[in-house]
């Protein structure tokens with residue numbers, strides 16, 4: 001199960017806090033939330049994976065789709081992540097080269113404000 005909470009941090013800056021597993025049953029809800037935000041011009045999105053315990057291949061596919069859609073968007077997306085297992089998985093799948101990753105919300109906020 002994946003709980004998704006959207007927090008408005010500032011105008012056009014949203015934090016999407018995820019808690020649980022990003023797997024085949026939770027990716028659709030996750031993608032719907034992100035795709036809706038990405039339709040807005042100039043949106044800044046911080047994906048907070050601090051409390052994601054596991055990502056399956058379906059979750060990897062969802063992250064890859066977001067990165068692909070980013071190239072055609074005016075949005076900026078970054079990630080907060082400090083779970084070493086999840087970090088290793090994203091490195092192994094070469095997704096980290098395509099999205100900025102931070103250990104803290106402050107680092108992510110600095111990035112999206114200046115991007």
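Of note:
- Test: residue in the stretch 59-75 that is part of a helix (DSSP H, G or I), loosely packed, with under 12 Cβ neighbours inside 10 Å and more than 11 Å from the chain's Cα centre (by Cα): yes
- Some residue of the stretch 78-87 being closer than 20 Å to residue 41 by Cα, modelled with pLDDT of 90 or more and touching a strand residue (DSSP E or B) at 6+ places or on another chain (Cβ under 7 Å): yes
- Only a single item in (1) exposed (fewer than 15 other Cβ atoms within 10 Å of the Cβ); (2) free of Cβ contacts under 8 Å to residues at least 40 places away in the same chain; (3) over 14 Å from the mean Cα position of the chain (by Cα) is not met by residue 89, and it is number (1).
- Members of the stretch 100-115 that are touching a helix residue (DSSP H, G or I) at 6+ places or on another chain (Cβ under 7 Å) and either farther than 17 Å from residue 34 by Cα or buried (at least 18 other Cβ atoms within 10 Å of the Cβ) (or both): 102
- Within the stretch 36-47, being in a helix (DSSP H, G or I), in contact (Cβ under 8 Å) with a residue 24 or more places away in the chain and either exposed (fewer than 13 other Cβ atoms within 10 Å of the Cβ) or on the phi > 0 side of the Ramachandran plot (or both) holds for no residue.
Here is a yes/no grid of residues against (1) modelled with pLDDT of 95 or more; (2) in contact with a strand residue (DSSP E or B) (Cβ under 6 Å, 6 or more places away or on another chain):
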residue	(1), (2)
2	no, yes
6	yes, yes
11	no, no
19	yes, yes
42	no, no
54	no, yes
65	no, no
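The values are calculated or read from the model by the stated rules, or taken from the named source; none is laboratory data. What you see is a predicted model, and the numbers here were worked out from it, not measured in a lab. Positions of Cβ are generated from backbone atoms using ideal geometry, with glycine treated the same way; all protein chains shown enter the neighbour counts.
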